[in-house]
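Below is one structure; the comments refer to it alone.
The values are calculated or read from the model by the stated rules, or taken from the named source; none is laboratory data. Because the structure is a prediction, the values reported are computed rather than measured. Heads up, the Cβs are rebuilt from the backbone with ideal geometry, glycines too, and the neighbour counts pull from every protein chain shown.
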Amino acid sequence: MSDTKYLMENSQGILDYNENYKKNEIILNISETQKCWVAGFIEGEGSTNISFKKQKNMKIGLRPCPSFSVTQHYTGVKSLEIVQTTLGGIGRIYPKPGKTQVMVYEVTKLSHLQTVIIPFLEKYNYLSARKTELLTF
């Protein structure tokens, strides 16, 4: 059992911490309130990116590497864990190289981007000022 507490809706509909969450278990009953909170948090702190890495066996010599990330000062790592939990436990949280006081939640696996991240953002960030960015991604 993880020592980390996760933000969940309690029986009164109020967001509260729940210690009964196992790190890689997908929670299917995450509240709409929490999903909306995460969507807003992503709106302010999240980013989508496509970088290119050299790879000789690719037709143009480059391999596209899409990613989704959210960053926070290490004191806000609980918020990143809430995002990760809400998104089904995918991705990883790690210290940003060269800036160890900054923590990064990142998803790079293409199938997770296609089946979890993009559908979540399409559903919950429909009023987003960054909708064009998502469509480009």
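Let's see how each residue does on (1) at pLDDT 90 or above; (2) part of a loop (DSSP other than H, G, I, E, B); (3) out of contact with any Asp or Glu (no Cβ under 6 Å at 6 or more places or on another chain):
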| site | (1), (2), (3) |
| --- | --- |
| Val104 | yes, no, yes |
| His112 | yes, no, yes |
| Leu121 | no, no, yes |
| Tyr126 | no, yes, yes |
| Leu134 | no, no, yes |
key: Residues of the stretch 81-107 classified as surrounded by 15 or more Cβ atoms within 10 Å (Cβ to Cβ) and free of Cβ contacts under 8 Å to residues at least 12 places away in the same chain, total   = 0
query = In this structure, is Lys78 within 17 Å of Ser47 (Cβ to Cβ) and either among the small types (Gly, Ala, Ser) or surrounded by fewer than 18 Cβ atoms within 10 Å (Cβ to Cβ) (or both)?
reply = no
message = Anything in the stretch 83-102 that is more than 20 Å from Ile118 (Cβ to Cβ) and not in a strand (DSSP E or B)? List them, or say none.
response = Pro97, Gly98
